[in-house]
Amino acid sequence: MQPRVDELSALKPRERLIVALDAPDVGEARRLVERIGEGAVFYKIGMELAYAGGLKLAPELASAGKQVFLDLKLHDIPNTVERATAQAAKLGARFLTVHAYPQTMRAAVAGAKGSGMRILAVTVLTSYDDADLFEACGRFGVVETVRRRAEQALALGVDGLVASAAEAAMVRRTVGDDMLLVTPGIRPAGAPAGDQKRVATPAEAILSGADYLVVGRPVTQASDPRAAAEAVVTEIAGALT
Ligand code: C5P
């Protein structure tokens with residue numbers, strides 16, 4: 001695992017913004033990247049786009065000098081996760097997500113070995129609150145689950161965690177300084193929450209210890225996506241100083 005401090009020391013505020021390219025097809029995703037232009041340098045390809053043929057965008061974006069986050073949230077038997085991770089690494093991605101289950105995290109770390117691609121574990125989806133977790137598992141709430149999964153990820157050599165800003169400070173205390181913390185559920189003040197239940201503004205997320213912010217609809221559905229991205233970058237820069 002490369003130390004987080006080395007990773008972040010040279011990072012500009014713009015490099016901390018990851019725009020979620022949640023588009024229905026590759027053409028629309030390409031148009032979004034064009035409209036955002038220099039406004040963003042890091043893009044997330046999630047399941048919607050991946051299943052619409054969007055994986056081919058990963059090497060395309062990488063060769064255009066952009067960073068790529070493959071948000072595929074892998075979770076399967078270890079053999080499959082390890083081999084799928086090794087395939088994902090060949091696409092030139094910088095980050096790949098897996099669900100934070102020990103078998104899955106162990107296999108992904110093995111599959112990414114030597115590739116330079118970082119494994120991020122998704123602790124609890126930001127659309128989940130305590131009631132959703134109780135409904136699913138009947139026992140622990142969000143904070144306990146996130147803490148336990150963060151401890152396990154650290155022990156297994158995972159590079160970073162995906163968690164909401166509401167848990168970011170607790171996660172940072174739990175795992176110390178060496179893991180990257182990536183925070184979705186970001187909503188600039190006044191933006192609609194949509195299906196996200198644990199939201200924070202860009203500044204709140206940075207101040208709670210997030211390293212990278214994932215922003216989807218507030219940028220991609222803005223009338224001027226580039227200006228919306230710029231506004232998030234300005235807020236990140238303000239929170240960092
Ligand atoms: O549009 P919005 O800003 O809500 O998009 C958030 C993005 O982050 C989506 O692509 C979603 O899949 C992703 N994500 C999330 N919560 C997680 C992990 C990823 O919302 N825990």
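The values are calculated or read from the model by the stated rules, or taken from the named source; none is laboratory data. Here the structure is a predicted model, which means the values were calculated and not measured. Please note: Cβ atoms are built from the backbone with ideal geometry, for glycine as well, and neighbour counts cover all protein chains shown. Protein only, heavy atoms only, side chains kept; ligands, DNA and RNA dropped before computing areas. Shrake-Rupley method; radii C 1.70, N 1.55, O 1.52, S 1.80 Å.
Observations on the model:
- Exceeding the 18 Å Cα-Cα cut-off - candidates Lys12/Lys73; Lys12/Lys56; Lys66/Lys113; Lys12/Lys90; Lys12/Lys66: Lys12/Lys73; Lys12/Lys56; Lys66/Lys113; Lys12/Lys90
- Across the protein chains, with a 1.4 Å probe defining accessible surface, the residues Met170, Met47 rank Met47, Met170 from largest area downward.
- Highest average packing first - 91-101, 27-37, 172-182, 129-139, Cβ atoms within 10 Å: 91-101, 172-182, 27-37, 129-139
- Accessible surface of the chain, 1.4 Å probe, proportion on carbon and sulfur as whole %: 51
- Put a dot 7 Å past the Cα of Ala193, heading toward its Cβ, do the same for Ala155, and the two dots end up 3.3 nm apart.
- Taken as Cα centroids, segment 100-134 and segment 36-96 sit 15 Å apart, rounded to the nearest whole angstrom.
- Cut-off under 5 Å, modelled amide H: who pairs with Gly92 long-range: none
- Accessible surface for Ile45 stands near 0 Å², nearest 10, in the context of the full protein assembly shown (1.4 Å probe).
- Think of it as helices only: each DSSP H run of n ≥ 4 in the chain is worth -39500 (n - 2.57), and spread over all residues that comes to -13000 deg cm²/dmol at 222 nm.
- Counting only protein heavy atoms and a 1.4 Å probe, segment 114-185 has 41 square angstrom of accessible area per residue.
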